[in-house]
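Notes follow the structure.
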Amino acid sequence: MSMCGIIGVVGASDALPILLEGLERLEYRGYDSAGVALVAPGRTWRARSADGTESVAHLEASCAAAPAGVGSGIGHTRWATHGAPGEHNAHPHVDCAGDIALIHNGIIENHAELAVDLRSRGHIFTSATDTEVLAHRIEELRKEGSDLLGSVRATLHEVRGAFALAVMDAHEPDVIIAARRISPLIVGTSTGATYLASDVPAILDRAERFFVVDDDQIVRLTPDGFSVTDLDGNPVTLRELDVDWDLETAQKGGFDDFMTKEMNEQPDALRATLLDRVNATGEITLDELSLTNEQIAHATKVVLVACGSSFHAAMVAKYAIERWARISVEVDIASEFRYRDPVVDNTTLVIGVSQSGETIDTIQALREAKSRGAMVVAVANVVDSSMAREADAVLYTRAGLEVCVASTKAVLAQVAALEVLALRLAQVRGVMSTTDIAARLAELQGVPELVARTLDRDDAVASIASALRDARDFFFLGRHVGFPVALEGALKLKEISYLHAEGYPAGELKHGPLALIEPGVVVVAIATDDELREKLLANIAEVKSRGATVVAVCSDGDSAVESVADYVAHVPRTDPLVSPLVDIVVLQQLAYHLARGRGLNVDRPRNLAKTVTVE
Ligand code: AGP
């Protein structure tokens with residue numbers, strides 16, 4: 001969940017240039033503001049800048065006044081989640097005395113609760129972020145006599161959420177305390193200096209050895225190395241990374257391309273998107289979803305508008321919203337919605353789904369809806385994007401920057417976010433019990449692990465792709481939520497392998513497409529939905545009897561499908577409404593390996609752009 005980038009060094013001859021270089025190298029992660037803190041004995045100096053993608057350049061200018069030759073410091077590029085972009089919200093954040101400086105990538109779910117107690121003790125907050133509460137809590141514990149490590153450890157025991165953080169204190173110079181939960185964090189060592197960063201590129205040319213910090217581990221960095229324990233103080237050993245990468249490979253996390261890196265970020269992207277969605281009273285809370293419960297209860301219809309893969313995520317959402325919230329849902333291609341004189345008024349909840357938040361057709365569709373009086377919600381992956389700014393309410397997917405033109409982690413995060421939104425609608429409309437809602441949410445929280453297990457089966461899908469390397473014509477078939485999954489699988493294949501592929505509702509075969517089936521045609525059947533599996537097996541028999549080669553995506557242990565398909569890709573069993581989150585991953589893998597088998601550049605497919613900002 002690369003929402004922000006962090007970097008730190010202790011023991012350098014001059015920390016500032018190392019921090020600024022590292023922040024530049026994190027810029028491919030996207031950010032809206034940046035900052036550094038230099039910590040010398042008895043003195044913490046800070047500079048911050050909030051000039052969008054120019055933030056690091058402007059930060060460099062504002063560092064002209066920095067103290068020279070300070071060997072320790074921390075730096076941060078921010079991609080806002082809590083608190084709008086702006087200098088006052090930029091990291092590092094400091095305590096009341098300005099001695100403790102802290103940077104953080106992630107989400108502190110219970111920041112509001114922690115802040116109440118700290119304000120009652122007289123702490124003054126200067127930002128609207130969730131992060132700042134950590135600096136004040138650590139300050140409080142330092143006052144009670146703990147050292148920096150002890151104060152950070154005690155604070156993290158109280159925190160719920162995700163973090164990769166680094167903390168320094170002018171009263172303990174040449175020490176950085178760092179810790180991780182979900183957000184990525186690495187430590188680097190060299191002779192005389194020790195580093196930390198969100199990922200390798202930031203310190204690639206500085207450190208000689210690299211180590212991965214795992215969840216709930218806390219590291220104490222000093223110029224001659226580091227020590228690491230779990231949050232209870234038990235010593236642990238960090239896994240060493242074998243880094244012989246150039247910068248571009250490092251920015252791909254050591255993978256061959258951004259598509260593989262981003263596919264492998266999907267478990268963390270889902271964890272981040274699902275974080276902080278329930279408040280203390282069990283109410284489903286969403287980001288800037290500032291629509292009131294009354295407004296939501298007032299809705300008589302939901303219309304989802306989107307393009308491409310985001311449209312497929314919206315189609316999955318239709319099934320979930322109608323099943324859970326019992327409200328009628330229409331799903332429209334944005335470019336069609338705009339021109340069909342849609343039946344939309346002030347009782348319609350129109351939801352625009354977009355990774356970039358800049359797709360012109362989706363923006364214009366939302367404007368059309370707004371002009372007709374609808375309540376407009378944006379589900380976007382880019383904070384402060386055009387759609388986010390124009391909507392009445394925003395629900396952010398927190399997949400982090402997505403570089404690859406073919407969307408992977410953003411689509412999965414959209415499905416997860418939309419299903420949380422469906423539960424919120426069900427809750428407000430009073431058509432689902434708190435128990436059922438909690439059960440559904442718990443099921444969603446378990447999906448990142450299932451996605452990780454599916455990703456681990458990549459070799460099995462790679463061998464299927466290898467067996468199909470001469471195929472030129474693909475049909476993807478599914479029923480119920482398997483239908484949008486089939487459309488997404490076909491799109492992924494088309495856009496990165498340039499092979500012809502169509503997604504179809506399996507029940508439609510007899511109404512025409514069956515005429516196309518002949519030897520050499522590959523049919524990919526999404527067969528993970530138990531309720532409709534018998535019918536899908538019949539469809540498989542129909543296409544096989546006409547010579548098709550069948551690839552079936554089925555749940556672990558499903559022997560019936562195995563006996564009728566030529567190739568089988570297994571996924572962990574899930575509830576049908578959640579199954580797209582694992583089924584889509586297999587189809588990403590299939591498309592990826594078929595494209596790589598054809599020697600194509602999966603990150604930058606021909607004719608396509610990451611964001612379609614022209615009609
Ligand atoms: C998805 O793999 C494609 N790159 C494309 O269909 C994309 O989903 C579509 O252009 C919508 O983009 P958006 O989510 O940024 O609006």
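Nothing in this text is a laboratory measurement; each read-out follows from the coordinates by a stated rule. This one's a predicted model, so the numbers in the text were calculated from it and none came from an experiment. All Cβ positions, glycine included, derive from the backbone under ideal geometry; neighbour counts span all protein chains shown.
Tabulated data for the structure shown
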| read-out | value |
| --- | --- |
| Largest-first ellipsoid semi-axes for region 277-395, taking √(5λ) over the Cα gyration tensor eigenvalues, angstrom | 20, 16, 14 |
| HN-Hα J in Hz across region 588-599 - Karplus 6.51, -1.76, 1.60, θ = phi - 60°, x for Gly and Pro | 4, 4, 4, 4, 4, 6, 5, 5, 5, x, 9, x |
| Given charges at beta-carbon only (K, R positive; D, E negative), |dipole| of the chain in Debye | 1040 debye |
| Square roots of five times the Cα gyration tensor eigenvalues for the chain, Å | 44, 28, 21 |
| Whole-number D in µm² s⁻¹ for region 103-206, Kirkwood Cα-pair radius fed into Stokes-Einstein, 4 °C, 1.567 mPa s | 89 µm²/s |
| ³J(HN,Hα) computed for each position of region 275-286 - Karplus, 6.51 cos²θ - 1.76 cosθ + 1.60, integer Hz, glycine/proline x | 6, 6, 10, 10, 8, 4, 9, x, 7, 5, 10, 10 |
| Percent breakdown of C-alpha pair distances by 5 Å bin, ordered from the shortest bin, for region 349-416 | 4, 20, 30, 24, 14, 6, 2, 0 |
| Cα centroid of region 142-205 to Cα centroid of region 430-485, whole Å | 36 Å |
| Relative intensity, log₁₀ I(q)/I(0), of region 183-226 from a Debye sum that treats every alpha carbon as a point, q = 0.17, 0.22, 0.24, 0.30 Å⁻¹ | -0.40, -0.66, -0.78, -1.12 |
| Whole-angstrom gap from region 522-576 to region 282-326, using each part's C-alpha centre | 30 Å |
| Lys, Arg +1 and Asp, Glu -1 on Cβ, resulting dipole of region 319-414 about Cα centre, debye, nearest 20 | 220 debye |
| Sequence ranges 155-168, 308-321, ranked by mean other-Cβ count within 10 angstrom, highest first | 308-321, 155-168 |
| Prolate/oblate/rounded label for region 421-545 (Cα gyration tensor, a/c 1.5) | prolate |
| Under-5 Å amide H pairs with Val523, H placed in peptide plane, nonlocal only | Phe475, Thr549, Val550, Val551 |
| Ordering of 477-490, 44-57, 251-264 by burial proxy (mean other Cβ atoms within 10 Å per residue, highest first) | 477-490, 251-264, 44-57 |
| On Cα atoms only, tilt of 360-371 relative to the major axis of the chain in degrees | 90 degrees |
| Cα-Cα P(r), region 244-325, percent of pairs per 5 Å interval | 3, 10, 11, 17, 19, 13, 9, 8, 6, 3, 1, 0 |
| Sorted peptide list for 170-179, 62-71, 222-231, criterion being average Cβ within 10 angstrom, highest first | 170-179, 222-231, 62-71 |
| Tail weight of P(r) past 13 Å, computed on alpha-carbon pairs of region 75-136, percent | 58 percent |
| Tail fraction, Cα-Cα pairs, region 1-121, threshold 27 Å, whole percent | 16 percent |
| Column: log10 I(q)/I(0), Debye, Cα scatterers of region 20-88, q = 0.13, 0.18, 0.19 Å⁻¹ | -0.34, -0.64, -0.70 |
